[in-house]
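Have a look at the structure below before the remarks.
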């Protein structure tokens, strides 16, 4: 008779102890395939446990593939075919996981970050502050969604995105002056995947792509994955240098121009309405698509609200990117593309084949939260916090930085861009000195295709409260003096 | 004085009416930038509403970028820069969204499905039955997750996947005889995205890839996106024809072999332990990675439980794919890869650059549900339902199909594969006849690189109850007679 040792006190439920012991006996081949198990009533009597406990254990063992039973017959041990020839230990296979010419092989290794003391101040993180997330709203939304519609977790999502989420996004785009039909909107697994879809649509063999210099480092990494030739056009004080842009477009006929008109990452610059119109006119004339990254559209704290380039895109050359990550929800991994209907259909085809679509649960929750009037209140509260932090950072930098260090004074977003007088190549040295002084920043080279003449650093207020910002400015001042 | 018409009865809250009216007035330029708004107390008095209502409306209008206010000053209309030159109507831009040589340009257009009557029986759907989804479990898990840890929605996820989910996956893999460290597991946005990551790692320029013939149609589509040359090796009664495989590997040195050893899609065949060992030995000897798609690992209803090829992969040539979509949660879009640590690190680098990672909320919920003992009970209940459906389908086909039509008799999964005597090219005709008879099936050509000699159809029991299955068999019999 099979006997299982049972601990009646302790954290492991009795049915679980039975399951684990029988798994062990089968795996050791002590119980052979075909061996009969005692009927549950008998097993329960012998072990002095409830019969329901044994029934539950047998049921789980069947689900795990360890037991089988047929109506009217004994429960038996199920055959689990193990090979004769499993070798002990691992011998290297000789398979080369690094394949020359593959997309993965084009990726650069990540740079190691310098050492920083344990109490370092985090001016590096560039996602919404988790302590400001409307967690209760998300939970309520999840409950409503799961109560109303089980298909959200239980069915494959529409590759374009849930209709209710696209409708809510269309309404938010209208707030920013963009008229978009739901069929001009494609929901993505965040901005990074949105860019991947766009590159798969627009990049042919050996493509040329124009980016701002500096620009978002992860876009440069993704362009490397795609094997693109990247043409950086410098950012002037009022945005992308338009004369240089005209020249590059004429010479290279690029597949697209990637731009961030609001609180540009990393410089924090926002372009004027006139600049946006001129940029659009140039790209319209040369039929070059603009990829407008509106990651900070919802983070305009003061000054005039300049509307997106997409709001004046009467001829359909702009692909607009929106995201939930900078507002509150980086963990939902949701973004969207607003595109002319033909482009949206092509992007959807790529989305379907490469990922099927974005998480139905996340999309349904996002639609509930974004569509609620409380979302405006959340935004407003977040604006107040971030605006004060940004003001504190600018005031701290004015007070503590040595003369000659320049920095931007954005009216929204998270980031300030430092330009430090120094020799070429000195950025690395200063970067390590700043980290050792207990301030995490991002080095300028992260945002550049080629090394720059003077050292640059990006500071972000997303994850740091005002007291820590003031302390960070003091440390930064000492490190740069 | 600004006067807003207010409807005191009706569905729209008063604060919302104020917001909408002021948005309208600003958009029409009736209220110009800089215009002062009345103090909230004054506005409330004049309109006979609570002051809190007005405060809320002003707050939302500030969040929307329509108003601004500074401490101690009047609330004013914020400048919203609209362009001088917005043209009426859309003029085609001349931008070509179809770029020759791009990945998207390699995708084939979707085939239209034939007409079917309204009460058609769905033998086409191949995802878990939504009515069996453990919705209450998911909701409880979501609540626990959101109560315990706000970072799940509010932070960027680890690109490898949440540590707790990788730990739970490692435990489930152990049930199937696969020993995997959490750092050999990469969580993905479903199997389709897992394949995309693998192809980006393993496919160099003009890559050769071996697939089973027939095989999963969406893999063929994804391989087209990657520009791969696909070499189909026929499925024999006991799995992939190993002599043909040896030959193709010797001639083509393929980048990988893609295989589905359990309840193969579309044929429903399961390979024996001996076949798995032989396939592994061939690929080990030639250093060709095997991509083992274990989509139906959890759907073994009867017969011996053959363990995955990965369970005997002592030298590390197998990349194993797991998914939650066939068990219960296609809407969560979660899958995983078990890979040698070096390959897992490379796949993570591609994941990070192309998508950052999978949804934190979905992952945390999945970890809770998969790690709970109730999951075994869910599996067991689902097995019972699907097993009965599969038995009903096989019995119905035996009863109603005309002589000469052959079909497989799987011991798990969702699908049965029909082979119908007929002339080459007749599949299309039969396919339309079956749909018109009120049965949705998937045509054999979906799963083939080249047209086959005889017509084939895939039937799936995932979404159909037993009564409908019996009726479907009757209709199918009539259509094929």
Using alpha-carbon coordinates, inclination of helix B:135-148 to the longest axis of chain B, degrees: 50 degrees
How compact and how long is the range A:293-423, expressed as Rg and Dmax of its alpha-carbon atoms in Å? 18.8, 55
log10 I(q)/I(0) for the range B:1-140, Debye formula on C-alpha points only (no solvent), q = 0.16, 0.17, 0.19 Å⁻¹, two decimals, reads -0.86, -0.93, -1.11
Dividing the surface of the Cα convex hull of chain A by four yields a projected area in nm² of 30.9 nm²
For the range B:346-481 (alpha-carbon point model, no solvent) the Debye-based log₁₀ I(q)/I(0) at q = 0.18, 0.19 Å⁻¹ works out to -0.95, -1.00
Using a label point 7 angstrom from Cα along Cα-to-C-beta, what distances in nm, from shortest up, separate residue A:50 from the other copies? 4.9
The protein assembly as shown: Rg/Rh from Cα coordinates, Kirkwood Rh? 1.00
Other chains' Cβ within 10 Å of B:198-205 residues: what's the mean? 6
Place the label 7 angstrom along Cα→C-beta at residue A:246 and in each other copy, then list the distances from the first to the rest in nm, shortest first. 7.0
Quickly estimate the mean residue ellipticity at 222 nm for chain A, helices only: each DSSP H run with n ≥ 4 gives -39500 (n - 2.57), and the total goes over all residues, rounded to 500. -12500 deg cm²/dmol
Using a label position 7 Å from Cα in the Cα→Cβ direction, what is the ascending list of nm distances from residue B:399 to the same site in the other copies? 8.5
Give me the percent relative contact order of the range A:134-372, please, defined on Cα pairs under 8 angstrom at least 6 residues apart. 31 percent
So how far, in whole Å, is the C-alpha centre of the range B:154-210 from the one of the range A:176-237? 26 Å
For residues of A:343-351, the mean tally of beta carbons on other chains within 10 Å: 3
Relative contact order of chain B, defined on C-alpha pairs under 8 angstrom at six or more residues apart (%): 19 percent
Semi-axes of the equivalent ellipsoid for the range B:133-372, please: Cα gyration tensor eigenvalues, times 5, square-rooted, ordered largest first, whole Å. 31, 20, 15
Return one number: the angle in degrees, 0 to 90 and rounded to the nearest 10, between the long axis of the Cα atoms of helix A:273-286 and the longest principal axis of the Cα atoms of chain A. 80 degrees
Protection proxy (average C-beta count within 10 Å per residue), highest first, orders B:381-390, B:27-36 as B:381-390, B:27-36
Convex hull of Cα atoms in the range B:14-77, direction-averaged projection (nm²): 3.9 nm²
What order do you get for A:263-269, A:229-235 when each peptide is scored by the mean count of other beta carbon atoms within 10 Å, highest first? A:263-269, A:229-235
Sorted by average packing, counted as other Cβ atoms within 10 angstrom per residue and highest first, what order do A:64-74, B:283-293 take? B:283-293, A:64-74
Three-way shape label, the range B:103-228, alpha-carbon gyration tensor, a/c 1.5: oblate
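Values quoted throughout were computed directly from the atomic coordinates according to the rules given, and no laboratory measurement underlies them. Nothing here was measured: the structure is a model prediction, and the numbers come from that model. Glycine gets a Cβ as well: all are built from the backbone with ideal geometry, and neighbour counts include every protein chain shown.
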